Amino acid sequence: MNYDVAVVGAGMSGLAAGIRLAQFDYKVCILEKHSVVGGLNSFYRRNGRNYDVGLHAMTNYAPKGVKSGPLSRILRHLRISWDEFGLVPQNGSKIAFPGVELNFTNDFALLESEVAEKFPNQIDGFRKMVAGLAGYDQLGLGSSEGSAREFVASYLTDPKLIDMIFCPICYYGGAREHDMDFGQFCVMFRSLFLEGFARPYEGVRHILKRLLARFRALGGELRLRSGVQRIESDANDSVERIILENGEEIRAKRYLSSAGWPETMTLCGRGEQVPERTHGKLGFIETISVLDSPPKKIGCDKTIVFFNDSDRFDYSNPDELVDLRSGVICSPNNFAYSQPLEDNMIRITALANYEAWRRLSPEEYKREKLRYYEKTLESAARFVPEFRRNVVDVDMFTPLTVERFTGRERGAIYGAAEKRYDGLTPFKNLFICGADQGMLGIVGALVSGLTIANKYVLSE
């Protein structure tokens, strides 16, 4: 089959790119290995309940009528109304460290007042830091690759406050151990703290349904269960065709891949040329606990709790199966919905060691999942009211689960440690979008798909 553009992966970035191109009458085909769309932000059904994958909250929230910011730009470019996404803001979240908590909402003034109260000798530096990053352009292809920690340390001197800022940012977008690029930090700080969290009532499936309906209405073609076996190029370093796992050939003038940088190069037969340092090393486990009553009713009223129990926050690949010292506790129920959700859930995320999980036998794997489910809840119970006696159903995923269902090497949900900010590859007509292009989260992925489509297809 011949197309103008073939897109590998029906995640957020692939769908956004497909919609944008189809709007201008390009013949577009999106290839997806699995039976559902969404990629790293998908959904599934189990025991009669709907579960989100990836989405705790959609960042970069903008209220209806706001014209600036990434979310407004996305809606304009995709020609989707604000009401179609149906976003509802968070109730309120917090960062909990030994001896101190910082509460925040989508109103940045609360976090600023919390810093002033808990760290009075740091507030002037904090305000100057925010002013120093507020004007950073988060919508372009460029990036400043300086150290984010060096930037923050030039304004703040208290190690605990620095770690408290980095804990949410790393957990929601950190592909590197301990630090991140300055440009990525600016994007993440704005998306979490200056703009904030929201969620559709129906979860991520609501957004995916809207994107998919838009793509199909424009004549775009989506092919599910169409995994890519290899990407073949010619002597002039142009991609010539894609060979699917069933042997079928897909040809196009241009190709976009959201499969990840190392993964795409492997499909192109050049995986050995990707330096080891660029591969993603950070994996996570997540437990999902279904409760017999709303979390608020038992005292769990925060939307998201980012916690750390040590003097310093250690964001690195753990030696053990799971690092229980820090994590994220999220309740999808705790957004400002006009009616309560049908299912009551608490989700807990923590750093995990992919290699340690991979070495387990099938029997050991099942046993350790059960053991670490209990240990993870025990760790989280120190930072939220006790909820374990209210659990009526459970699920859990590990880095192996992520790798199996998304194709991400090592289950690294934030992708490669070194990003391809320009979206370029060694091939003239193949471009990278999504997490490995450098934009993370739902809004970041949508921006990435739009940006790459605009820059390398529509501009020509």
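Where a number appears in this text, it was derived from the coordinates with a stated rule and is not lab data. Treat the numbers as computed from the prediction; the structure is a model and nothing was measured. Reconstructed Cβ throughout: ideal geometry from the backbone, glycine too, with neighbour counts over all protein chains shown.
Numbers below:
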quantity: Span from the segment 340-383 Cα centroid across to the segment 175-253 one, whole angstrom; calculated: 27
quantity: Least to most buried among Met439, Met188, Met1, Met12 (fewest other Cβ within 10 Å first); calculated: Met1, Met188, Met439, Met12
quantity: Pairwise label distance in nanometres, Asn103 with Trp82, each label 7 Å out on the Cα-Cβ vector; calculated: 2.7
quantity: Gain upon complete extension [Ser338, Leu424; 0.36 nm per residue less C-alpha separation]; calculated: 26.5 nm
quantity: Net charge dipole size for segment 281-411 [Lys, Arg +1 and Asp, Glu -1 on Cβ; Debye, nearest 20]; calculated: 60
quantity: Sum of side-chain charges, Arg223 neighbourhood, beta-carbon under 11 Å (Lys, Arg +1; Asp, Glu -1); calculated: -1
quantity: Extension reserve of the Asp158-Glu276 stretch, reckoned as 0.36 nm per residue once the Cα distance is removed; calculated: 39.1 nm
quantity: From the coordinates shown, percent of Cα pairs over 36 Å apart corresponds to which of (i) 48; (ii) 25; (iii) 42; calculated: (ii)
quantity: Taking segment 206-316 and dividing mean pair separation by its residue count, relative contact order in percent (alpha carbons under 8 Å, at least six apart); calculated: 14
quantity: Sorted by Cβ density within 10 Å, fewest first, the residues Leu161, Leu192; calculated: Leu161, Leu192
quantity: Zone residues, segment 282-316, relative to Asp393, backbone N less than 18 Å from point 7 Å out along Cα-to-Cβ; calculated: 287-295
quantity: Partners for Lys375 among lysines (Cα-Cα distance below 27 Å; same-chain residues under 8 apart left out); calculated: Lys94, Lys160, Lys281, Lys296, Lys297, Lys302, Lys366
quantity: At R0 = 25 Å, FRET efficiency that the Cβ-Cβ distance of Glu248 and Ala213 yields, to 0.05; calculated: 0.45
quantity: Qualifying trypsin sites (Lys or Arg not before Pro) in segment 212-252, DSSP loop, other Cβ atoms within 10 Å at most 13; calculated: Arg225
quantity: Kyte-Doolittle mean at least -1.0, axial Cα span of 15 Å or more - DSSP H helices of the chain; calculated: 12-23, 108-118, 123-133, 159-171, 204-217, 441-453
quantity: Virtual paramagnetic centre 7 Å along Cα→Cβ of Glu202, amide N under 18 Å, in segment 81-110; calculated: 81-89
quantity: Ranked Asp422, Asp83, Asp52, Asp107, criterion: other C-beta atoms within 10 Å, fewest first; calculated: Asp83, Asp107, Asp422, Asp52
quantity: Cβ-defined net charge surrounding Val328, 13 Å radius [Lys, Arg +1; Asp, Glu -1]; calculated: +2
quantity: The chain: calculated mean residue ellipticity at 222 nm from DSSP helix runs of at least 4, using -39500 (n - 2.57); calculated: -9000 deg cm²/dmol
quantity: √(5λ) per eigenvalue of the Cα gyration tensor, segment 281-411, largest first, Å; calculated: 26, 17, 14
quantity: Spatial separation of Cα centroids for segment 285-302 and segment 390-454, in angstrom; calculated: 28
quantity: Cα centroid separation, segment 36-74 to segment 76-126 (Å); calculated: 18
